[in-house]
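Asks: Structure below; questions to follow.
The values are calculated or read from the model by the stated rules, or taken from the named source; none is laboratory data. Predicted model only: the values in this text are computed from it and were never measured. Every residue, glycine among them, receives a Cβ derived from its backbone with ideal geometry; neighbour counts consider all protein chains shown.
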């Protein structure tokens, strides 16, 4: 990466169904000027598009074989993510940064890559992790006398959100749907262990399954608190509900 880039890399990450996508869309409704400054980083993905997802906007949807073939080209980084094969185009990202702020909204695996890749060492970053639990909740539930297996609890929290989201899209669920939900739910705790890498963590209990994002046009509840906190961070402010997580909050990172 050269020294002439103008923008920063804004990263919004967290477990599947925690509310990253709805937050980005709600930002457009509440703060269209802030939303317009962010040029989305679009990944290649081997899975099929969900209802409402658009080619070249949400992902570049390709076959698994086509995404795997990108490993042969230096400009791409290819990773296995929750059973999907995804690829990041580094040259496209660098082009975005030369024109202004680039925005990645997605999983913690690609987020970790963006935070650590040698080609991006001189890039200014703002990294935000959206969490289904607050730091206080994690600390409370982790106390020995609570007798809570935090990994199982996180999986169950996210499993419910994922089930509600998928039923909204598809109605009756197939075995592959249920297997995908279970894979995403059971990786959520490991992904939460990566939250400490981000500059700040925003707790949000209104996942992607919640109607609080768009049923009343403007978000309400935790959805509103999360999007207003993110907007404040984009302006360089520090909202009260943005948290710093120590690296050992959830035990040794993966």
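Asks: Residue under question is residue 83, and the condition is that it be within 15 Å of the chain's Cα centre (by Cα) and surrounded by fewer than 21 Cβ atoms within 10 Å (Cβ to Cβ); does it hold?
Replies: So residue 83 does not fit the description; no.
Asks: When you check residue 168 against the structure, is it farther than 29 Å from residue 232 by Cβ, at pLDDT below 95 and over 16 Å from the mean Cα position of the chain (by Cα), yes or no?
Replies: yes
Yes/no per residue for (1) at pLDDT below 95; (2) within 16 Å of the chain's Cα centre (by Cα); (3) on the phi > 0 side of the Ramachandran plot:
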residue: 136; (1), (2), (3): no, no, no
residue: 182; (1), (2), (3): no, no, no
residue: 185; (1), (2), (3): no, yes, no
residue: 190; (1), (2), (3): no, yes, no
residue: 198; (1), (2), (3): no, yes, no
residue: 226; (1), (2), (3): no, yes, no
residue: 232; (1), (2), (3): no, no, no
residue: 244; (1), (2), (3): no, no, no
residue: 247; (1), (2), (3): yes, no, no
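Asks: Quick one: is residue 242 farther than 16 Å from residue 192 by Cβ and surrounded by 14 or more Cβ atoms within 10 Å (Cβ to Cβ)?
Replies: The answer is yes for residue 242.
Asks: Another question about this same structure. Please find, among 135, 146, 167, the residue that is over 29 Å from residue 49 (Cβ atoms) and without any contact (Cβ under 8 Å) to a residue 24 or more places away in the chain.
Replies: Going through 135, 146, 167 in turn, just one is over 29 Å from residue 49 (Cβ atoms) and without any contact (Cβ under 8 Å) to a residue 24 or more places away in the chain: 146.
Asks: With respect to residue 51, is the statement that it is exposed (fewer than 15 other Cβ atoms within 10 Å of the Cβ), in contact with a helix residue (DSSP H, G or I) (Cβ under 6 Å, 6 or more places away or on another chain) and not in a strand (DSSP E or B) true?
Replies: yes
Asks: Can you name every residue in segment 102-111 that is modelled with pLDDT of 95 or more and more than 9 Å from the chain's Cα centre (by Cα)?
Replies: 102, 103, listed by residue number.
Residue-wise test of (1) assigned to a helix (DSSP H, G or I); (2) touching a helix residue (DSSP H, G or I) at 6+ places or on another chain (Cβ under 9 Å); (3) surrounded by 22 or more Cβ atoms within 10 Å (Cβ to Cβ).
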position: 151; (1), (2), (3): yes, yes, no
position: 154; (1), (2), (3): yes, yes, yes
position: 158; (1), (2), (3): yes, yes, yes
position: 176; (1), (2), (3): yes, no, no
position: 180; (1), (2), (3): yes, yes, no
position: 215; (1), (2), (3): no, no, no
position: 219; (1), (2), (3): no, yes, yes
position: 229; (1), (2), (3): yes, no, yes
position: 247; (1), (2), (3): no, yes, no
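Asks: Okay, moving on. How many residues are part of a loop (DSSP other than H, G, I, E, B) and more than 17 Å from residue 47 (Cβ to Cβ) if we restrict to segment 63-77?
Replies: Count: 3.
Asks: Regarding segment 184-195, can at least one residue be identified that is touching a strand residue (DSSP E or B) at 6+ places or on another chain (Cβ under 6 Å), over 23 Å from residue 222 (Cα atoms), in contact (Cβ under 8 Å) with a residue 12 or more places away in the chain and crowded, with 17+ Cβ neighbours inside 10 Å?
Replies: There is no residue in segment 184-195 that is touching a strand residue (DSSP E or B) at 6+ places or on another chain (Cβ under 6 Å), over 23 Å from residue 222 (Cα atoms), in contact (Cβ under 8 Å) with a residue 12 or more places away in the chain and crowded, with 17+ Cβ neighbours inside 10 Å.
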